[in-house]
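Here is the structure we will look at.
The values are calculated or read from the model by the stated rules, or taken from the named source; none is laboratory data. All figures in this text were calculated on a predicted structure; none of them were measured in a lab. When we count neighbours, we look across all protein chains shown, and the Cβ atoms used for this are built from the backbone with ideal geometry, even at glycine.
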Amino acid sequence: MSIRIRKPGLGATGFSLIEVVLAIGIIAISLVAILGVFPTGLSSARTSINDTRAGALANAVFATIEAQTATFSNINCYGTTLDLSSLTTTDTKTLYVSYPSRTEPTISGDSNLPDWIYTIELKFDNDPAVNAAGTKVGAGKLNKIQMRIRAKSSAEGLVEMFHVLRNRG
């Protein structure tokens, strides 16, 4: 039985130091490019959460108001009394929203609500135009509500929605 010992040189296998350094460089550049995408993804996720919450909050407020629009008077909207027959475009009501739990918001007209993170600004038009010609039905018949939901952080943006109510009385 004979043992062969190879001499380095021709026919030797393995990676040279230059090949290893190039491979590490390519991997490093790839990792930096991949990590550069993470802030965009996080920002997109934050915006998506904000828009989803704003939609849910708008739905809750609009449903609360809509459920009480039989006569357009003395609607209780989360502790704020609204008389839809008298509110005009110059009247603004503000509600405050906090999330004591991850899924259930607390909405209140009290600005002292602890840890509020959203404001809901309601503006009213008690006699909006019903068509392009500017035809109006009359005060107390229709009410257009403009809602702006803002996050406490100015970086989170603004969501704006409109809702038209009719007097069912």
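Does I107 satisfy the criteria of being among the hydrophobic types (A, V, I, L, M, F, W, C) and either under 22 Å from the mean Cα position of the chain (by Cα) or under 20 Å from H163 (Cβ atoms) (or both)? The answer is yes for I107. Considering region 145-160, the residues that are over 18 Å from T80 (Cβ atoms) and crowded, with 17+ Cβ neighbours inside 10 Å include one that is modelled with the lowest pLDDT, namely E156. When we screen R102, R168 for residues that are touching a residue at least 40 places away in the same chain (Cβ under 8 Å), basic (K, R), surrounded by fewer than 17 Cβ atoms within 10 Å (Cβ to Cβ) and not in a helix (DSSP H, G or I), the only hit is R168.
Taking the criterion of being β-branched (V, I, T), in contact (Cβ under 8 Å) with a residue 12 or more places away in the chain and closer than 14 Å to I145 by Cβ, the residues of region 61-88 that qualify are V61, T64, I65, T69, T80, T88. Considering region 125-140, the residues that are surrounded by 15 or more Cβ atoms within 10 Å (Cβ to Cβ) and in contact with a Lys or Arg (Cβ under 7 Å, 6 or more places away or on another chain) include one that is nearest to T64 (Cα to Cα), namely D125. Checking T106, T94, T88, T81 one by one, the residue that is at pLDDT below 85 and either closer than 30 Å to A139 by Cβ or of a type in the set (V, I, T) (or both) is T88 and no other. Of the residues making up region 49-91, those that are on the phi > 0 side of the Ramachandran plot and among the aromatic types (F, W, Y) are F72, Y78.
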